[in-house]
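S.K.: Pasting in a structure now, in structure tokens, and then I'll have a few things to ask.
Throughout, read-outs are computed from the coordinates displayed, never taken from laboratory work. Owing to the predicted nature of the structure, the values given are computational and were not obtained by experimental measurement. In this analysis, Cβ positions are derived from the backbone assuming ideal geometry, glycine residues included, and neighbour counts consider all displayed protein chains.
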């Protein structure tokens with residue numbers, strides 16, 4: 001096997017092992033969206049009327065509406081968790097060890113990105129399975145067709161996590177990331193409410209949501225889950241992914257990035 | 001449009017050219033129009049103007065005529081479904097809301113909401129054959145499969161009035177729950193079902209004895225009971241299942257017609273009132289008044305598959321094969 005693939009296998013396995021051993025992390029990753037689905041969505045079921053917007057062909061319950069958003073939420077949180085573990089690895093020294101390997105740095109970062117994406121997708125499918133048991137079933141082909149969308153979403157949000165991790169020097173600063181990146185990204189998106197609903201309360205909020213890359217990631221997943229292809233959402237998500245990845249590579253470049261040693 | 005639906009549409013073009021697709025005709029009471037939905041494409045293909053406030057709608061047995069209750073025009077219009085032209089008006093009494101065509105394909109039994117009467121009209125001679133005093137605000141109309149009994153439900157008197165179609169006279173009155181809106185006989189004629197909008201129930205009567213033999217109540221998750229208002233309902237061909245429109249609860253209930261238990265609730269548009277099956281009974285079309293659309297339900301899967309925009313306040317629905 002070529003060294004690049006050996007490195008990929010090793011990094012993905014390491015992330016998988018870490019994930020499996022941290023059972024509480026897996027449970028927490030599932031409990032979070034399930035609480036939203038079972039508690040939050042149930043409360044809003046009657047209050048929030050949803051008109052028909054693509055890809056839906058008819059009226060849907062709020063529980064069904066938020067499923068793609070919660071898939072996005074799982075990927076977003078897992079990406080940030082992965083970024084946190086990068087910061088941890090850097091503090092512990094294992095990241096430095098990894099980066100001293102003869103393989104190109106961009107490839108090593110890509111391996112971390114792929115590992116995070118794989119872990120995200122496993123969690124998303126686990127969530128979709130539990131949601132199906134709860135009674136929220138999607139078109140069966142949607143479960144398969146959503147896979148490419150989930151990969152793109154995982155890579156984009158994972159790249160965002162990588163870029164952010166290059167900025168964070170201490171684990172303690174991660175709370176700031178939660179407050180200033182994850183929550184605004186999640187709440188100012190179409191994950192919980194359709195954009196037309198946002199426009200009803202504020203055009204400004206609607207415009208912010210419309211440019212939020214997470215909105216397009218969620219819409220990409222939403223359309224894919226119903227067997228439809230949203231070109232606009234794919235374009236926005238891919239563009240955001242390329243920018244986040246470029247930022248991450250720049251951030252981890254010792255010559256230019258923010259991780260370079262001072263003095 | 002998905003690639004699959006595009007392919008299906010293109011593949012069906014030659015068929016559509018040579019054969020008349022089945023249609024659902026929906027009356028829009030605020031637009032004074034009928035929206036015609038093609039059952040193959042599930043799209044509105046025609047919009048036809050009618051008299052004022054069209055509500056009840058039904059076809060003649062050979063589908064060469066369509067009868068429309070133009071309530072605010074105080075008439076029943078007879079239309080050629082091919083051309084969409086009104087051929088003539090029938091005398092109907094004031095404010096005809098609902099009607100039912102007798103199995104003889106000749107006599108229309110019409111509920112005159114403002115006059116508390118049921119008018120019987122001969123559609124061939126175009127004359128009123130009888131006018132029968134019933135309770136206040138008559139609405140629901142049904143005729144037994146053997147044609148011997150006609151039913152009028154009165155919304156304010158809260159009764160089902162049993163009419164002998166030989167003598168055109170009432171022979172029984174039975175109390176039902178508050179604001180009865182719709183009545184239907186089962187195909188064998190053994191049962192009469194009557195929905196009560198405010199009562200929130202559907203009562204089942206034994207036709208032979210005119211006594212109540214069962215009652216169905218509804219409980220839609222997350223919806224206040226006051227908003228659960230049953231109106232129209234339809235039976236599947238085997239009569240094992242009934243679909244009941246629950247008005248402003250925005251749901252259709254799926255009822256086991258043998259045990260009278262509610263098995264499922266299906267989300268549709270706002271304020272669902274009446275329904276019509278496709279000719280093969282595989283799809284059910286619901287009229288959603290407030291949202292101005294029609295939801296198509298896959299009967300076997302009990303899933304809503306599409307909602308189609310029609311005119312303002314769709315009310316009645318009838319199918320033309």
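S.K.: What is the ratio of the Cα radius of gyration of the protein assembly as shown to 2.2 N^0.38 Å, where N is its residue count, to two decimals?
M.R.: 1.24
S.K.: A follow-up question, please. Å³ per residue of the Cα convex hull, for chain B?
M.R.: Residue-normalised Cα hull volume stands at 123 Å³.
S.K.: Note down, for segment B:101-145, the three equivalent ellipsoid semi-axes (square root of 5 times each alpha carbon gyration tensor eigenvalue), biggest first, whole angstrom.
M.R.: Values: eigenvalues 69, 32, 9 Å².
With the √(5λ) rule applied to segment B:101-145, the semi-axes are 19, 13, 7 Å.
S.K.: Would you mind getting the Kirkwood hydrodynamic radius of segment B:47-131 from its Cα pairs, rounded to one decimal in Å?
M.R.: 12.4 Å
S.K.: Anyone know which of A:101, A:189, A:120 comes out most mobile in the 10 Å Cα GNM of chain A?
M.R.: Sorting by GNM fluctuation, first place goes to A:101.
S.K.: Using only C-alpha positions, report the orientation-averaged shadow area of the convex hull of segment B:157-238, nm², one decimal. Before the final figure, lay out the partial values.
M.R.: On the way: hull surface 24.8 nm².
Dividing the Cα hull surface by four gives the mean projection, 6.2 nm².
S.K.: Between segment A:178-212 and segment A:145-168, how many Å separate their Cα centres?
M.R.: When both Cα centres are located, 19 Å separates them.
S.K.: Please state the relative contact order of segment B:27-149 as a whole percent: Cα pairs under 8 Å, 6+ residues apart?
M.R.: Answer for segment B:27-149 is 15 percent.
S.K.: Summing -39500 (n - 2.57) over the DSSP H runs of n ≥ 4 in chain A and dividing by its residue number, what mean residue ellipticity at 222 nm do you reach, to the nearest 500 deg cm²/dmol?
M.R.: -23500 deg cm²/dmol
S.K.: For chain A, set up a Gaussian network in which alpha carbons nearer than 10 Å are linked by springs, and say which option among A:130, A:52, A:182 fluctuates the most.
M.R.: Top of the fluctuation ranking is A:52.
S.K.: For segment B:159-221 and segment B:243-293, what is the separation of their C-alpha centers, rounded to whole Å?
M.R.: 19 Å
S.K.: Expressed as a fraction of 2.2 N^0.38 Å, the rule-of-thumb size for a compact globular protein of N residues, what is the C-alpha radius of gyration of segment A:54-131?
M.R.: Relative to the rule-of-thumb radius for its length, segment A:54-131 sits at 1.50.
S.K.: Still on this structure, I have one more. Along its principal axes, what span do the Cα atoms of chain A show, with the longest given first and each in whole Å?
M.R.: 58, 38, 33
S.K.: What is the ratio of the Cα radius of gyration of segment A:1-142 to 2.2 N^0.38 Å, where N is its residue count, to two decimals?
M.R.: Taking N as the residue count of segment A:1-142, the ratio is 1.29.
S.K.: Can you tell me what the convex hull of the Cα atoms of segment B:134-192 projects to on average, as an area in nm²? Present the calculation step by step, with values, prior to reporting the outcome.
M.R.: Numbers: hull surface 14.0 nm².
Seen from a random direction, the Cα hull of segment B:134-192 projects 3.5 nm² on average.
S.K.: At residue B:219 and residue A:169, where each label point lies 7 Å from the Cα along Cα→Cβ, what is the point-to-point distance in nanometres?
M.R.: 6.2 nm
S.K.: Once Rh for segment A:133-232 is found with the Kirkwood sum over Cα pairs, what is the Stokes-Einstein diffusion coefficient at 4 °C and 1.567 mPa s, in µm²/s?
M.R.: Translational D for this selection: 86 µm²/s.
S.K.: Under Stokes-Einstein, with the Kirkwood radius over Cα pairs standing in for Rh, what whole-number D in µm²/s applies to segment B:275-321 at 10 °C and 1.306 mPa s?
M.R.: My calculation gives 148 µm²/s for D.
S.K.: Beyond 16 Å, what percent of the Cα pairs of segment B:237-316 remain?
M.R.: So the portion of pairs separated by more than 16 Å is 45 percent.
S.K.: A further question follows. Please state the relative contact order of segment B:154-267 as a whole percent: Cα pairs under 8 Å, 6+ residues apart?
M.R.: Rounded, it is 16 percent for segment B:154-267.
S.K.: Report the per residue volume, in Å³, of the convex hull enclosing the C-alpha atoms of segment B:12-170.
M.R.: Per-residue hull volume (Cα only) is 115 Å³.
S.K.: Given the convex hull of the Cα atoms of segment A:96-149, what is a quarter of its surface area in nm²?
M.R.: The orientation-averaged projected area of the Cα hull of segment A:96-149 comes to 4.9 nm².
S.K.: Could you work out the percent of alpha carbon pairs in segment A:61-181 separated by over 16 Å, rounded to a whole number? Walk me through the numbers on the way to the answer.
M.R.: Values: 4593 of 7260 pairs.
So the portion of pairs separated by more than 16 Å is 63 percent.
S.K.: Same structure, new question: What's the FRET efficiency of residue B:46 with residue A:97 using the Cβ-Cβ distance as r and R₀ = 60 Å, to the nearest 0.05?
M.R.: Working: r = 73 Å, r/R0 = 1.22.
Here the calculated transfer efficiency is 0.25.
S.K.: Which residues among segment B:275-318 fall inside the zone where the amide N is under 16 Å from a point 7 Å beyond the Cα of residue A:53, along Cα→Cβ?
M.R.: none
S.K.: Highest GNM mean-square fluctuation, chain B, Cα pairs closer than 10 Å: which of B:135, B:214, B:292?
M.R.: Comparing B:135, B:214, B:292 in a Gaussian network model of chain B, the most mobile one is B:214.
S.K.: Moving to a separate point now. Treating segment A:19-96 as a set of equal point scatterers at the Cα positions, no solvent, please give the Debye-formula log₁₀ I(q)/I(0) at q = 0.11, 0.13, 0.27 Å⁻¹.
M.R.: Treating every Cα as an identical point scatterer, log10 I(q)/I(0) equals -0.44, -0.55, -1.22.
S.K.: Something else now. Modelled label-to-label distance, residue A:24 and residue B:175, 7 Å Cα→beta-carbon offset: nm?
M.R.: 6.4 nm
S.K.: Show that you can apply the helix-only estimate: for chain B, add -39,500 (n - 2.57) for every DSSP H stretch of four or more residues, divide by all residues, and state [θ] at 222 nm to the nearest 500.
M.R.: -1500 deg cm²/dmol
S.K.: Now for a separate question. For segment B:100-239, what is the largest minus smallest coordinate of the Cα atoms on each principal axis, given in angstrom and ordered from greatest to least?
M.R.: Over segment B:100-239, Cα extents along the principal axes are 52, 35, 25 Å.
S.K.: Any idea what % of Cα-Cα pairs in segment B:20-86 are farther than 14 Å?
M.R.: Pairs farther apart than 14 Å: 53 percent.
S.K.: If R0 is 22 Å, what FRET efficiency do you get for residue A:129 and residue A:40 from their C-beta distance, rounded to 0.05?
M.R.: 0.65
S.K.: From Cα pairs below 8 angstrom and at least 6 apart in sequence, can you work out the relative contact order of segment A:30-110, rounded to a whole percent?
M.R.: Once normalised by length, the contact order is 23 percent.
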